[in-house]
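Okay, structure first, notes after.
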Amino acid sequence: MKVCVLGAGIVGLATAYTLRQQGCDVTVVDKASPGSGTSGGNGGQLSYSYVQPLADASLWAKLPKLLWSADSPLKLRPQWDLQQWRWGIEFLRACNRTTSARSTVHLIALAALSRTGFDAMLAAQQLDCDYTSTGKLVLYPHQHSFDAAQRQMALQSALGSQQQAVSARQCQAIEPAFASYTHRIAGAIYTPSECAVDCLKLCQELARVLRTQGVRFVLGADIHNLHQRGDCIVAARTAVGDIEADHYVMALVCASVALARNVGLRLPVYPIKGYSITLDVADAAQHAPTVSITDIARKVVYARLDQRLRVAGMAELVGHNLAVSPAAISSLRRSTADLFPSLASCAVTQPWAGLRPATPTGLPIVGVQRGGPRNLHMNVGHGALGLTLAFGTAQRLVQQLITTASSLVTCNVNPRSESALV
């Protein structure tokens with residue numbers, strides 16, 4: 001069975017890997033090199049136990065600040081963009097306890113599946129990607145936010161997550177590098193099993209392995225459109241020619257929206273912009289954290305990647321602008337100096353901005369969609385959890401594809417499949 005995967009980020013590559021393990025003939029198509037887009041500068045955290053969706057009832061009280069404050073780490077900036085307004089309305093509708101809890105249940109299960117798939121891949125391939133498993137601390141500045149986090153922890157505990165609430169003093173014992181900051185937090189949620197990895201290196205290594213396994217890569221190829229005949233896609237039309245396959249997987253992050261519209265599908269996906277910097281901590285290794293850190297107040301995450309520290313954060317609903325804001329980069333530097341004063345003079349490399357493809361509920365879209373081509377499978381909408389969920393959604397998608405493949409031998413007979421939000 002021939003499968004064409006559109007997108008060479010971590011989601012597309014995880015899908016290609018899982019398909020190849022099932023014996024599929026796989027082609028990966030992208031306009032850029034593996035991992036160089038949204039995956040390239042992300043936060044580096046594999047947050048299997050911290051998957052609470054952005055849409056939450058607590059956002060209503062914060063809405064004025066999100067709309068107007070210049071220094072809020074979460075910003076909503078209305079554009080002359082119907083897609084943004086439609087997404088924003090659906091997002092606000094999802095900001096309630098019932099929807100948030102339901103999404104958390106699905107995301108925890110998906111994250112557990114992803115951990116199993118990622119760990120199996122890593123054990124089999126031994127990739128050079130700066131992988132560590134040193135745990136994570138999520139810091140809360142005020143008692144009321146810490147109390148809310150403990151309620152969320154109780155919900156996730158019932159779903160199998162192994163976490164614990166720790167005091168500021170206990171934080172210092174777990175990660176001595178930010179001892180000077182502990183007096184400014186009420187407490188933290190500690191997850192000993194959390195991991196970190198350099199997503200760009202992971203993508204590059206996965207691409208290398210896939211090539212040795214016979215996967216074909218067509219890179220530097222803009223995808224113009226999908227050629228549809230009846231209720232199936234028969235070719236992906238690119239700048240370097242048509243790519244023909246039995247099945248197609250859409251994993252083009254935010255670019256998936258326009259391409260899906262080409263075949264009559266509306267994807268409820270909109271970009272949430274984030275930023276990152278990478279610090280060279282080789283000369284200050286003893287002052288840099290080894291445990292991953294998430295500073296809830298600033299919406300900033302810290303992940304140790306060998307002799308580097310990845311600092312990433314912010315969530316801006318500001319359209320499709322990929323410009324790297326100097327103010328945002330300065331904010332990340334200030335946040336780092338605040339938590340880790342000894343790193344203030346470390347050299348900063350790779351200032352980066354990326355667009356995370358998010359759905360209103362935080363649930364990725366996986367599988368064939370109602371009303372769309374029967375051999376076009378979506379794997380989009382992971383938001384800030386693309387790295388964490390990539391191998392989980394890949395397994396879900398491949399299970400669906402393998403199960404339904406026999407019904408697609410004649411591609412204009414059987415009724416269309418239902419959509420799947422997982």
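Starting from segment 292-309, keep only residues that are over 29 Å from Asp128 (Cβ atoms), then list their pairs with residues that are open to solvent by 50 Å² or more (accessible area, probe 1.4 Å) and in a loop (DSSP other than H, G, I, E, B) whose Cβ atoms are within a distance under 9 Å, requiring at least 6 positions of separation or different chains.
Ala297/His142
Suppose we keep only residues that are open to solvent by less than 70 Å² (accessible area, probe 1.4 Å) and of a type in the set (D, E, K, R) within segment 134-176. Which one would you say is farthest from Ala188 (Cα to Cα)?
Once the filter is applied, the top-ranked residue is Glu175.
Taking into account only those residues within segment 177-201 that are more than 18 Å from Val281 (Cβ to Cβ), of a type outside the set (Ser, Thr, Tyr) and without any contact (Cβ under 8 Å) to a residue 60 or more places away in the chain, which is surrounded by the fewest Cβ atoms within 10 Å (Cβ to Cβ)?
Of everything passing the filter in segment 177-201, His183 is surrounded by the fewest Cβ atoms within 10 Å (Cβ to Cβ).
Which of the residues spanning segment 256-281 are among the hydroxyl-bearing types (Ser, Thr, Tyr) and within 22 Å of Leu317 (Cβ to Cβ)?
Ser256, Tyr270, Tyr275, Ser276, listed by residue number.
Checking the structure you have, find out if any residue of segment 318-336 is farther than 30 Å from Pro78 by Cα, small (Gly, Ala, Ser) and either at pLDDT 95 or above or open to solvent by 30 Å² or more (accessible area, probe 1.4 Å) (or both).
No, because not a single residue in segment 318-336 is farther than 30 Å from Pro78 by Cα, small (Gly, Ala, Ser) and either at pLDDT 95 or above or open to solvent by 30 Å² or more (accessible area, probe 1.4 Å) (or both).
Considering segment 8-43 alone, what residues qualify as being among the β-branched types (Val, Ile, Thr) and part of a helix (DSSP H, G or I)?
Answer for segment 8-43, where residues must be among the β-branched types (Val, Ile, Thr) and part of a helix (DSSP H, G or I): Ile10, Val11, Thr15, Thr18.
Just to check your reading of the model, which residue among Gln126, Gln79 is polar (S, T, N, Q), open to solvent by 10 Å² or more (accessible area, probe 1.4 Å) and in contact (Cβ under 8 Å) with a residue 60 or more places away in the chain?
When all the criteria are applied, what remains is Gln79.
Which pairs do you get when a residue that is on the phi > 0 side of the Ramachandran plot, found in segment 147-171, comes within reach of a residue that is of a type outside the set (Ser, Thr, Tyr), reach meaning Cβ atoms under 9 angstrom, with the pair 6+ apart or on two chains?
Final answer for the pair search is Gly160/Ile108; Gly160/Ala109; Gly160/Ala112.
Could you count how many residues in segment 260-315 are part of a strand (DSSP E or B) and either within 15 Å of the chain's Cα centre (by Cα) or among the aliphatic types (A, V, I, L, M) (or both)?
Selection size over segment 260-315: 20.
Assess whether Leu363 counts as being out of contact with any Phe, Trp or Tyr (no Cβ under 7 Å at 6 or more places or on another chain), open to solvent by less than 50 Å² (accessible area, probe 1.4 Å) and of a type in the set (A, V, I, L, M).
Answer is yes for this residue.
So which residues in segment 84-110 are polar (S, T, N, Q) and surrounded by 19 or more Cβ atoms within 10 Å (Cβ to Cβ)?
Once the filter is applied, which keeps residues that are polar (S, T, N, Q) and surrounded by 19 or more Cβ atoms within 10 Å (Cβ to Cβ), segment 84-110 yields Gln84, Thr99, Ser100, Ser103, Thr104.
Restrict the check to segment 368-376 and report whether at least one residue is over 30 Å from Gln79 (Cα atoms) and among the charged types (D, E, K, R).
Yes: segment 368-376 contains one or more residues that are over 30 Å from Gln79 (Cα atoms) and among the charged types (D, E, K, R).
The values are calculated or read from the model by the stated rules, or taken from the named source; none is laboratory data. Because the structure is predicted, anything quoted here is derived from the model rather than measured. Here the Cβ is made from the backbone with ideal geometry for all residues, glycine too, and neighbour counts use every protein chain on show. When the accessible area is computed, the model is the full protein with side chains, heavy atoms only, and any ligands, DNA or RNA have been set aside. Shrake-Rupley method; radii C 1.70, N 1.55, O 1.52, S 1.80 Å.
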